Amino acid sequence: MKQTLLELMRMSRICRMILATCLGSFILVIFYFQIMRRNPFTADVCCRKGSRNALQELYNPTQSEYSATAVLHQTRRDQVAEACRAHSATSRKRRVLTPGDLKHLVVDEHHEMIYCYVPKVACTNWKRVMMVLTGQGKYTDPMEIPSNEAHVPSNLKTLNQYSIPEINYRLKSYLKFLFVREPFERLVSAYRNKFTLKYNTSFHKRFGTKIVRRYRKNATQESLQSGTDVKFQEFADYLVDPATQREGPLNEHWQTVFSLCHPCHIHYDLVGKYETLEEDANYVLRLAGVSNYLRFPTYAKSTRTTDQMAAEFFHNVSSQQQAQLYQLYKMDFLMFNYSIPSYLKME
């Protein structure tokens, strides 16, 4: 009788334990679905782990209409690789990238993508898009983000903020892309934006006054103090001056893509072009699986720097300086398959 009673008590404890476990599991399930209902973005992160990422979709497209586009981008990758091989064969300089070289590479953890931003190649709109992609629902429309907010460093995470193992993992596993532009159109665009617009007083003070002081004879006191009327020819003088090279890296707005994004060290999976901006940008968004709710913003073509406009600015630059400028940006011309502009009169 006593043994039977002990057996019943033991069974009762087991039943209570099973009941408690079931009840706890039920509460956890209810709690989980409450979180998912309040934050659907978290659910998307959860469910994404087992799906194909953008890198896989690029190299093995599941939709046949993307195949031709994939071939185009393979051609662009091959062009970069060929130019880098030729450069490596003739260059005596060898270097290893440091985390400090990676400050232009913006990381999107959720969609497993890395974007290297290049100023004057729609980088403001791309930063807006990256804020939507990484904002966990905080932003939905890129154009509702003010341009100055898009350039606040803390709003986006860059690759140099990770440890070395984390950097290597992301460079290997994430889709890496950048957007490029005809080098001299980009250069003229940077000049127009930074030296001809009155509101860019910081550039006028930092660079304009220095350029006027060095390269303008009989400069007025007003020009020396304000730096607001820098001529393009003077800007060209500044860029090709060996003294400028000794002062350190060029400002990012007229630095080469070769130096900003290091495409000979980092294998970019996708090279977009400013000339086909919307098409290439929306292809990236399709690869990321977000094209159903996010489109790349259109831009004002009326204000865009064109080849004809660049020719007008280069008209007063000497043939010697034109040749020197081409040498400065030569790798960008070669890597991204831009021909020498017909308006150049290099000796």
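A short reminder: the numbers here are calculations on the coordinates, not readings from a lab. Just so we're clear, the structure is a prediction, and the values are computed from it rather than from any experiment. Quick reminder, even Gly has a Cβ in these numbers, built from the backbone with ideal geometry, and neighbours come from all protein chains shown.
Per-structure values
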quantity: Length released on extending from THR98 to ALA81, taking residue separation times 0.36 nm less the Cα-Cα span; calculated: 4.0 nm
quantity: Spin-label model distance (nm) - ASN160 vs GLN221, 7 Å beyond Cα toward Cβ; calculated: 4.1 nm
quantity: In the range 224-275, the GluC sites (Glu not before Pro) that fall in loop regions by DSSP, at most 16 other Cβ within 10 Å; calculated: GLU247, GLU252
quantity: Calculated diffusion of the range 125-264, Stokes-Einstein form, Kirkwood radius summed over Cα pairs, 37 °C and 0.692 mPa s, µm²/s; calculated: 184 µm²/s
quantity: Two-site FRET efficiency, THR140 against LYS172, from Cβ-Cβ distance with R₀ of 25 Å, rounded to 0.05; calculated: 0.20
quantity: Computed lengthening from LYS210 to GLU149, 0.36 nm per intervening residue step minus Cα-Cα distance; calculated: 19.1 nm
quantity: In order through the range 282-294: 3J(HN,Hα) via Karplus (6.51 cos²θ - 1.76 cosθ + 1.60), integer Hz, x for Gly, Pro; calculated: 6, 5, 4, 5, 5, 4, 6, x, 10, 5, 6, 10, 9
quantity: The range 169-263: chymotrypsin sites (Phe, Trp or Tyr not before Pro) in DSSP loop, at most 16 other beta carbons within 10 Å; calculated: TYR199
quantity: Subset of LYS194/LYS273; LYS103/LYS138; LYS217/LYS345; LYS176/LYS210; LYS138/LYS198; LYS93/LYS330 violating a 27 Å alpha-carbon distance limit; calculated: LYS176/LYS210; LYS138/LYS198
quantity: For the range 191-324, radius of gyration divided by Kirkwood radius, i.e. Rg to Rh on alpha-carbons; calculated: 1.05
quantity: Simple spin-label estimate for SER259 and ASN282 in nanometres, 7 Å along Cα-Cβ; calculated: 3.6 nm
